[in-house]
Amino acid sequence: MPTRRHTLLIIVLLLLLAVASLSAALMAGSFAVAPGEVLQALLGSADGVGADVVLKLRLPRALAAFACGGLLALAGALMQVLLRNPLADPYVLGISGGAAVGALSAMLAGLALALVNLAAFAGALAAMLLVFSLAHGDSSWTRTRLLLTGVIVASGCGAAVALILSIAPEHGLHGMLFWLMGDLGHASSPLGAVAVLLLGLILTLPFARELNLLARGDTLAHALGVSVRQVRGGIYLLASLLTAVAVTTAGSIGFIGLVVPHLVRLAMIKMGWGNDQRLLLPASALAGGSLLVLADTLARTVIAPQQLPVGVLTALLGVPVFLFLLGRQPHERQ
């Protein structure tokens, strides 16, 4: 188990990584901004083009990327506890599919960006409630039933998305595809996502003990006084809401919620600390946020002034690393 000193050291290192990734995001781009100018802009002691680029364009986008990455990683860690499967991710229960149906329907109707975001959030909530009600309809909730219900709902949403894309006009397909692959170009209001991320950590960390026990099995958790049914319901609702906010802000960004918690867990196991949620949850949020900020910085700079969908880069960069690390530890178990 990690000591308090080790936990503090790792959190500090991850905070430094987060600061470094955000700093790189503010400096890099087709219009380069020097570190000193970035600092002056943040302190409010600079004006001009550089300050406008930092404060009005790059800072909101970087904060949105960090918040979305943290939300997805935190939701993924919670889903992996809920389903007791290290390969579970935030999208496995159809939340992203519901958001995609809502957002693409709004785009097809030609609605404004704010209404597209609202429709995406409404679609995510509708999918969440549908899965929850179907999987829990007769009070016989099991992980298998929840997973199967989520897969079926996700498949239905995928069919609806394919139908929308097939009837959408050509001039709207580019925006729809970018949303489906993840796009932070329109994330101009990140404070809501940042607040939800902080709230998610505040709500989950006090229940780290219950999550640790739940990860070892329902029988043991129940024997040690955990209200298994209530905790599982709370995990599902919170993880779904975190995912809904992330998808509403940036579209469907894959890989982060699946691999970041898994890699953090592998690192903790290799260090002999096991699967301790007290460290895993905040470490996953910080690592996921930093990774998405770096990926988004690459997405808008690698072929600047053109931009790539950030979800494509997260997969291209992360999947080989994940497979390499997983291949080096074939006998590790959760």
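Looking at the range 76-115, which of its residues are in contact (Cβ under 8 Å) with a residue 40 or more places away in the chain, more than 17 Å from the chain's Cα centre (by Cα), closer than 24 Å to HIS186 by Cβ and buried (at least 21 other Cβ atoms within 10 Å of the Cβ)?
VAL101, ALA103, LEU104, MET107
Restricting to the range 1-35, give me the number of residues that are closer than 17 Å to LEU59 by Cβ and among the hydrophobic types (A, V, I, L, M, F, W, C).
Qualifying residue count for the region: 13.
One line per residue, one yes/no per condition, for (1) closer than 23 Å to GLY311 by Cβ; (2) part of a helix (DSSP H, G or I); (3) in contact with a helix residue (DSSP H, G or I) (Cβ under 6 Å, 6 or more places away or on another chain); (4) modelled with pLDDT of 90 or more:
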site: THR149; (1), (2), (3), (4): no, yes, yes, no
site: ALA159; (1), (2), (3), (4): yes, yes, no, yes
site: LEU163; (1), (2), (3), (4): yes, yes, no, yes
site: VAL196; (1), (2), (3), (4): yes, yes, yes, yes
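Taking interchain pairs and intrachain pairs at least six residues apart, which have beta carbon atoms under 9 angstrom, with the first residue in the range 215-229 and under 25 Å from HIS262 (Cα atoms) and assigned to a loop (DSSP other than H, G, I, E, B) and the second at pLDDT 85 or above and not aliphatic (A, V, I, L, M)?
So the pair list comes out as VAL226/ARG209; VAL226/GLU210.
So for the range 124-144 (the condition being out of contact with any Ser or Thr (no Cβ under 9 Å at 6 or more places or on another chain), in contact (Cβ under 8 Å) with a residue 40 or more places away in the chain, part of a helix (DSSP H, G or I) and at negative phi), does at least one residue qualify?
Looking for residues that are out of contact with any Ser or Thr (no Cβ under 9 Å at 6 or more places or on another chain), in contact (Cβ under 8 Å) with a residue 40 or more places away in the chain, part of a helix (DSSP H, G or I) and at negative phi, one finds at least one in the range 124-144, hence yes.
Condition check ((1) of a type in the set (Phe, Trp, Tyr); (2) more than 20 Å from LEU63 (Cβ to Cβ); (3) touching a residue at least 40 places away in the same chain (Cβ under 8 Å); (4) not in a helix (DSSP H, G or I)) across all residues:
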{"residue": "ALA208", "(1), (2), (3), (4)": "no, yes, yes, no"}
{"residue": "LEU213", "(1), (2), (3), (4)": "no, yes, no, no"}
{"residue": "PRO261", "(1), (2), (3), (4)": "no, yes, yes, no"}
{"residue": "GLY274", "(1), (2), (3), (4)": "no, yes, yes, yes"}
{"residue": "LEU292", "(1), (2), (3), (4)": "no, no, yes, no"}
{"residue": "ASP296", "(1), (2), (3), (4)": "no, no, yes, no"}
{"residue": "ARG300", "(1), (2), (3), (4)": "no, no, yes, no"}
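Only one of these conditions is not met by LEU279: (1) part of a helix (DSSP H, G or I); (2) under 21 Å from LEU129 (Cα atoms). Which number is it?
Here LEU279 meets the rest and fails (2).
Do we have any residue at all in the range 12-33 that's in contact (Cβ under 8 Å) with a residue 60 or more places away in the chain and β-branched (Val, Ile, Thr)?
The answer is no, given that none of the residues of the range 12-33 is in contact (Cβ under 8 Å) with a residue 60 or more places away in the chain and β-branched (Val, Ile, Thr).
The values are calculated or read from the model by the stated rules, or taken from the named source; none is laboratory data. Just so we're clear, the structure is a prediction, and the values are computed from it rather than from any experiment. When we count neighbours, we look across all protein chains shown, and the Cβ atoms used for this are built from the backbone with ideal geometry, even at glycine.
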